[in-house]
Amino acid sequence: MDLKKLQKEIYQNKIDKNFNVKDVDLEFDLTRGELDEAQEAHQQKRSDLREELADVAIYLLGLAEILKVDLEREIVEKVSKNKKRRYKKINREQVDVDKQNIK
């Protein structure tokens, strides 16, 4: 899958359908709403969880294109960065040791 191409395709679909591509705050809200729907589907053990997760990804990729962010590149860079990080479990939570100055 070419995420960069998919991101552009999602954006073009928004244009074609006359969906919002200007109000960034609205897009953040809509993306959050899709994430809430996915969580609800998970909690209720609904069969549409996969589709709801796809909606989250679609909204996120559309938002990235609106903001001119190459999300594929950013994800690859972030995964690489995360692999090098050191984490320590504190109170059931993983904490970035380097960021928090924890030994």
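The values are calculated or read from the model by the stated rules, or taken from the named source; none is laboratory data. Bear in mind that the values here come from a model prediction, so they are computed numbers and not experimental data. Ideal geometry is used to build each Cβ from the backbone, glycine not excepted, and the neighbour counts take in all protein chains shown.
When you scan the stretch 1-37, how many residues do you find that are more than 21 Å from residue 71 (Cα to Cα) and in a helix (DSSP H, G or I)?
Looking only at the stretch 1-37, we keep the residues that are more than 21 Å from residue 71 (Cα to Cα), and these are 16-18, 36-37.
Restricting the remaining residues to those that are in a helix (DSSP H, G or I) gives 16, 36-37.
Number satisfying all stated conditions: 3.
Restricting attention to the stretch 1-45, and to residues there that are among the charged types (D, E, K, R) and in contact with a helix residue (DSSP H, G or I) (Cβ under 7 Å, 6 or more places away or on another chain), which single residue is surrounded by the fewest Cβ atoms within 10 Å (Cβ to Cβ)?
Initially, the stretch 1-45 is screened for residues among the charged types (D, E, K, R), giving 2, 4-5, 8-9, 14, 16-17, 22-23, 25, 27, 29, 32, 34, 36-37, 40, 45.
Subsequent filtering for residues that are in contact with a helix residue (DSSP H, G or I) (Cβ under 7 Å, 6 or more places away or on another chain) retains 4, 8, 14, 27, 34, 37.
On the way: 4: 15, 8: 13, 14: 19, 27: 21, 34: 19, 37: 18.
Only one residue fits best here, namely 8.
Just to check your reading of the model, which residue among 32, 46 is among the basic types (Lys, Arg) and within 14 Å of the chain's Cα centre (by Cα)? Steps first, please.
On the way: 46 fails: within 14 Å of the chain's Cα centre (by Cα).
Among 32, 46, only 32 is among the basic types (Lys, Arg) and within 14 Å of the chain's Cα centre (by Cα).
Out of curiosity, is residue 48 surrounded by 13 or more Cβ atoms within 10 Å (Cβ to Cβ), in the same structural domain as residue 4 (by TED's automatic domain parsing), acidic (Asp, Glu) and farther than 14 Å from residue 4 by Cβ? Please lay out each step first, then the result.
On the way: surrounded by 13 or more Cβ atoms within 10 Å (Cβ to Cβ): yes; in the same structural domain as residue 4 (by TED's automatic domain parsing): yes; acidic (Asp, Glu): yes; farther than 14 Å from residue 4 by Cβ: yes.
Answer is yes for this residue.
Residues 61, 30: which one is assigned by TED's automatic domain parsing to the domain that holds residue 8, touching a residue at least 40 places away in the same chain (Cβ under 8 Å) and not hydroxyl-bearing (Ser, Thr, Tyr)? Quick ask: steps written out before the conclusion?
On the way: 30 fails: touching a residue at least 40 places away in the same chain (Cβ under 8 Å).
The match here is 61.
Would you pick out the residues in the stretch 43-70 that are in a helix (DSSP H, G or I) and over 19 Å from residue 26 (Cβ atoms)? Spell out how you get there, then give the answer.
Just the residues of the stretch 43-70 that are in a helix (DSSP H, G or I), to begin with: 43, 49-66.
Those that are in a helix (DSSP H, G or I) and over 19 Å from residue 26 (Cβ atoms): 43, 49, 50, 51, 52, 53, 54.
Taking the stretch 75-103 as the search range and keeping residues that are surrounded by 12 or more Cβ atoms within 10 Å (Cβ to Cβ) and assigned to a helix (DSSP H, G or I), which one is modelled with the lowest pLDDT? First the steps, then the outcome.
We begin by selecting, within the stretch 75-103, every residue surrounded by 12 or more Cβ atoms within 10 Å (Cβ to Cβ); these are 75-76, 87-88, 95-97, 102.
Checking which are assigned to a helix (DSSP H, G or I) leaves us with 75-76, 97.
Values: 75: 98, 76: 97, 97: 68.
So the residue we want is 97.
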